[in-house]
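Scroll down for the structure; my scribbles are underneath it.
Read the figures in this text as sums done on the coordinates, not as results from a lab. All of these numbers come straight from a predicted model, not from anything done at the bench. Note that we place each Cβ from the backbone using ideal geometry, even for glycine, and neighbour counts take in every protein chain shown.
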Protein chains: 2
Amino acid sequence: MTVRRGKKRANLRDVARAAEVSVATVSRVLNTPDVVQAETRRRVEAAMAELHFVRSAAARAINTGRSKILGALIPTLDNAIFASTIDAIESRLGDFGLSLVVATTGEDPEVEARKAQGLLDIGVEGLFLSGITHHDTLHALIEHTAVPAVVISYYDANYHLPTIGYDNREAGRIALAHLVGLGHRRIAVVHNPAEHNDRTRERLAGFESAPADVVLTRFESALTVAGGARAAAMALASGAPFDAFLCASDVQALGVLFELQRAGIAVPEAVSVMGLHDLPSAAVTAPRLSTVHLPAEEMGRRAAEAMADWVENEVPARPICLPTALKIRESTRRRGG
Amino acid sequence: MTVRRGKKRANLRDVARAAEVSVATVSRVLNTPDVVQAETRRRVEAAMAELHFVRSAAARAINTGRSKILGALIPTLDNAIFASTIDAIESRLGDFGLSLVVATTGEDPEVEARKAQGLLDIGVEGLFLSGITHHDTLHALIEHTAVPAVVISYYDANYHLPTIGYDNREAGRIALAHLVGLGHRRIAVVHNPAEHNDRTRERLAGFESAPADVVLTRFESALTVAGGARAAAMALASGAPFDAFLCASDVQALGVLFELQRAGIAVPEAVSVMGLHDLPSAAVTAPRLSTVHLPAEEMGRRAAEAMADWVENEVPARPICLPTALKIRESTRRRGG
DNA sequence: GTGAAAGCGCTAACAC
DNA sequence: GTGTTAGCGCTTTCAC
């Protein structure tokens, strides 16, 4: 069934007829205007305006083999973590005339594989993936369709797909080292479930670089502000004394900050709190959050550029490792200092 | 598995040839499987699997006139405000086999109009718009193309496009009334620029419902946590005494909370802080934020459903006004109480 | 139940 | 510079 909404819209032939030229000429003013005589072009443009002509993306795509649409698979949008990256990807892609459709996976590999199929069904030319942990089906899909795919938020030069991100383990190490350097020994580690999340797994591995006299106690909860608060409450309820809270993400660190304040525990006087990510709001909390900066925005931009180069010029993306940086603010202090 | 030579992927004809049937039959097993004889269908399905057949969305779209893609124009993704709504839209749309491509406008009407054109160029079947303030070009575009468009985050039954949202002015009124009912008279209003933002404008209008003896002083800054903090700092620096901070959005309220804490001003003992939106984290702050709940998620769901009904069954969306609700938590208290 | 064939709206040779 | 025309991959009558 062909759906006709209101007045059927004008097509190339209609414009050609109105401008008294051939469809080829109309197509030319659309694609290579400078090759058309000025006067002819003017007539065609007038006709297009008159008829409110909008070229059919589908027909265009079927001929060029290009949809100009890319797909991104991310765990969730409802969380500041991916927002700035997606924002950067979308914005940079726009500079190349490319669009982005984002699909959320809820961190479920099966959902991810299913949505990837859906993305391919609508004709995306390339895929942005988060991390390297994926369902076999997705891997097979990428291999069979040979669709350009780049991994973000993770760096591993040896992965079979190009990774454009940062070294999560190193970031974890830096955060841990900062705390240890401050003399903290009894550390509460707050993190989200790592089962399907390799970024978290790597950060936790980085935390494990602690010297033998440092005691790490893990508290796991959801990757939300509320989750962080809950984890802090669990740590407090455990009765164990902690010098510092080390969070696998700023989002949870925010929750930890709130919960400690609620409990009347002064940060950083009584306990230090360390984040990891450097969300925009991390610089504004009270106290301002010490954290490890992750170049989320630049990563998005670089990933978009690499993808554009891939789909436009057939240059496959290459791994990029972006540097992270320690941000010492107010939420961490020398033990007993 | 047969590896195809060249980069060309299998098409209907290839599958038909492999299964020794006609393209029509292959098309049938794709669209109306039950009308095909079981054995034939089995052969076709085997051939499709063997060739890793993926039907071309473009070719499909050109025939059906349907792209199954919708577009959303939102100010930004880098801000919790739209995230849950977009998340809900995307998710609900998925239930109807529809995809979403989101474009960010940075709250610039010209950018919005340009991106809307871009969305139409890639063939979206419908548009989600934020608020009712748009560039003339966009209005003209919507009228000429007759593309289904629904407005979210706003409610106005008389607007020429269906609005699915809430009454921002009423929400503002509720927030203000709560503060006034608590005995507050000197109120610092923290808000983002309202120039291109009718939601904000309406909320401010709601604030103006204050009795004559209430004094409202406005502090404008960016719609971010940092912006809220900055506005609070300005209010504090002004030297004027305030009973309460009334924020046009929770995002800014978070910043206000942080700044007040930094300044050593107890909330709600010394001053009340009122938000508007009820972000997930509002329930976790210290103190927990009193606010007016905006049904962001339900709005996204309802908007998606209305849009699906529109593009699938040609029933135009109708305005929906979702109720807001006062959430009294810990950040507001009776004056001197 | 299945096949043949006519398009859908556009691009890209190739001709003039 | 411009026109003619053959497809692109699929859906959809309409025969059989």
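Listed values, structure above:
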{"read-out": "Any hit, the stretch B:113-120, residues being surrounded by fewer than 22 Cβ atoms within 10 Å (Cβ to Cβ) and more than 9 Å from chain A (Cβ to nearest Cβ)", "value": "yes"}
{"read-out": "Identity of the residue in the stretch A:100-119, touching a strand residue (DSSP E or B) at 6+ places or on another chain (Cβ under 8 Å) and assigned to a helix (DSSP H, G or I), that ends up nearest to A:Val150 (Cα to Cα)", "value": "A:Ala116"}
{"read-out": "The stretch B:204-216 residues that are in contact (Cβ under 8 Å) with a residue 24 or more places away in the chain, paired with ones that are in a helix (DSSP H, G or I) and among the polar types (S, T, N, Q) (beta carbon under 9 Å, 6 or more apart)", "value": "B:Ala205/B:Asn168; B:Gly206/B:Asn168"}
{"read-out": "Residue match in the stretch B:20-42 (condition: crowded, with 19+ Cβ neighbours inside 10 Å, of a type outside the set (D, E, K, R) and more than 9 Å from DNA strand C (Cβ to nearest atom))", "value": "no"}
{"read-out": "Lone qualifier among A:Ala282, A:Ala266 - being within 18 Å of B:Glu259 (Cα to Cα) and touching an Asp or Glu at 6+ places or on another chain (Cβ under 6 Å)", "value": "A:Ala282"}
{"read-out": "Any hit, the stretch A:172-179, residues being crowded, with 19+ Cβ neighbours inside 10 Å and farther than 15 Å from A:Met274 by Cα", "value": "no"}
{"read-out": "Selected residue (criterion: farthest from DNA strand C (Cβ to nearest atom)) from residues of the stretch B:8-19 that are under 28 Å from A:Thr64 (Cβ atoms) and of a type in the set (Gly, Ala, Ser)", "value": "B:Ala10"}
{"read-out": "Among (1) crowded, with 24+ Cβ neighbours inside 10 Å; (2) under 26 Å from the mean Cα position of the chain (by Cα) - the single one A:Ala283 does not satisfy", "value": "(1)"}
{"read-out": "Residues of the stretch A:229-257 classified as surrounded by fewer than 24 Cβ atoms within 10 Å (Cβ to Cβ) and within 14 Å of chain B (Cβ to nearest Cβ), total", "value": "3"}
{"read-out": "Hey, B:Ala149 over 28 Å from the mean Cα position of the chain (by Cα) and on the phi < 0 side of the Ramachandran plot or not", "value": "no"}
{"read-out": "Residue match in the stretch B:113-126 (condition: under 19 Å from the mean Cα position of the chain (by Cα) and either more than 30 Å from A:Phe53 (Cα to Cα) or of a type in the set (Phe, Trp, Tyr) (or both))", "value": "no"}
{"read-out": "Enumeration of residues in the stretch B:126-146 that are in a helix (DSSP H, G or I), facing chain A (nearest Cβ under 10 Å) and closer than 13 Å to B:His160 by Cβ", "value": "B:Ala140, B:Glu143"}
{"read-out": "Of residues in the stretch B:43-84 being among the basic types (Lys, Arg) and within 30 Å of B:Leu127 (Cβ to Cβ), the one nearest to DNA strand C (Cβ to nearest atom)", "value": "B:Arg60"}
{"read-out": "Those helices (runs of 4 or more DSSP H) lying entirely in the stretch A:23-91 with at least 1 residues within 16 Å of DNA strand D (Cβ to nearest atom) and within 10 Å of chain B (Cβ to nearest Cβ)", "value": "A:57-64"}
